[in-house]
Each structure stands twice: as C-alpha cells, then as structure tokens.
Amino acid sequence: MIAPMCLFCRILEGEMAADVVRETGLSLAFRDINPQAPTHILVIPRRHVANLFELAEYAGELADVVALAGSIAEEEELDKGYRLVANTGSQAGQSVYHAHLHLLGGRDLGWPPG
Ligand code: AMP
C-alpha cells in the first residue's frame, strides 16, 4: 500500500490550496487555516522532514525558514513582537509531521503557553 502524501507536501505540490504569503527556493509560507492570532503564518521547508530538529541536519534550509519568518514579521509590521513556535511531538500538540514554524503576532501572547 502506498502511504498518503503528507498534508504540507500536498500544499507544496499544488495539490491542495493554501493562502500563500511568500516563498523561496527552499521554503513556503502560508496562512494557518485555523488562526490563533491576527497574524498566524506557517513557514515550512520544501524538504519533507518530520520536525524542526530533523531540519537542523540541513543548516541552510533551517536558516531559510527562520529568515523567511523574520522577514514576513517585518512585512506584517509585527514591530511590537511576535512568537515563532515549533510544536514537536504529540505532547506538544504537533499535528502535522512536516517541519514548520508558526509565526504568531498581532496581539499580546501569554506566557507560559498553554
Ligand atoms: P501543529 O499542530 O504544530 O503540527 O501545526 C499544524 C498547523 O497546520 C495547525 O495550526 C493547523 O491549523 C494547520 N493546518 C492544517 N491544515 C492546514 C491547511 N490545509 N492549510 C493551512 N493550515 C493548515
């Protein structure tokens, strides 16, 4: 049996629609379908790896994801602050096992996170 393609890989392949914000040769950024803040954007590598830690093996690609998130934060005028979140594993609430950063901003963000 062939395994179903990962959700974010389907977005990368254009098989599933997404509200794309920006892209680079290595990364794609699109708005989260269930936003938790006025700005809630997912930044993902084109490479399929399960989480951000696995992406650390590919330093240039990890740097591209982080740099793209920071650049979008500037464009979204999140000058008062923003949060980059990488849920890793089920206990942290990871639901899609393709590395991604959540870029959250536009409101006061509580600490500690839930
Ligand atoms: P996580 O729970 O950290 O793995 O984050 C996965 C995120 O993907 C969640 O915030 C979902 O709302 C978001 N998500 C799931 N499906 C889609 C989709 N088709 N387009 C955009 N965001 C999605």
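The values are calculated or read from the model by the stated rules, or taken from the named source; none is laboratory data. Computed from a predicted structure; not experimentally measured. A quick note on method: Cβ atoms are made from the backbone with ideal geometry, for glycine too, and the neighbour counts reach across all protein chains shown. Surface areas here come from the heavy atoms of the whole protein model, side chains and all, with no ligands, DNA or RNA. Shrake-Rupley method; radii C 1.70, N 1.55, O 1.52, S 1.80 Å.
Using a simple spin-label model with pseudo-atoms 7 Å out from Cα toward Cβ, Thr88 and Phe53 lie 0.5 nm apart. Largest GNM mean-square fluctuation across Ala18, Ala99, Ala69, computed for the chain with C-alpha springs under 10 Å, falls on Ala18. Springs between Cα atoms under 10 Å define the GNM used for the chain, and in it the highest mean-square fluctuation of Ser90, Ser27, Ser71 occurs at Ser90.
Give me the percent relative contact order of segment 23-71, please, defined on Cα pairs under 8 angstrom at least 6 residues apart. Don't skip to the end; give the middle numbers.
Values: 46 pairs, mean separation 19.0, N = 49.
Rounded, it is 39 percent for segment 23-71.
Accessible surface computed residue by residue for the chain, with neighbouring protein chains in place and a 1.4 Å probe, gives 61 Å² per residue.
For the chain, the longest principal axis of the Cα atoms and the long axis of helix 59-75 meet at an angle of about 40 degrees. Considering only C-alpha atoms, what is the centroid distance from segment 73-107 to segment 3-48, in Å? So the two Cα centres are separated by 13 Å. In the chain, one over the average inverse separation of all distinct C-alpha pairs is 14.5 Å, which is the Kirkwood hydrodynamic radius. Magnitude of the charge dipole for the chain, about its Cα centre and with charges confined to Cβ atoms of Lys, Arg (+1) and Asp, Glu (-1), is about 260 debye.
Within the accessible area of the chain, the carbon and sulfur atoms contribute 53%, probe 1.4 Å, all protein chains present.
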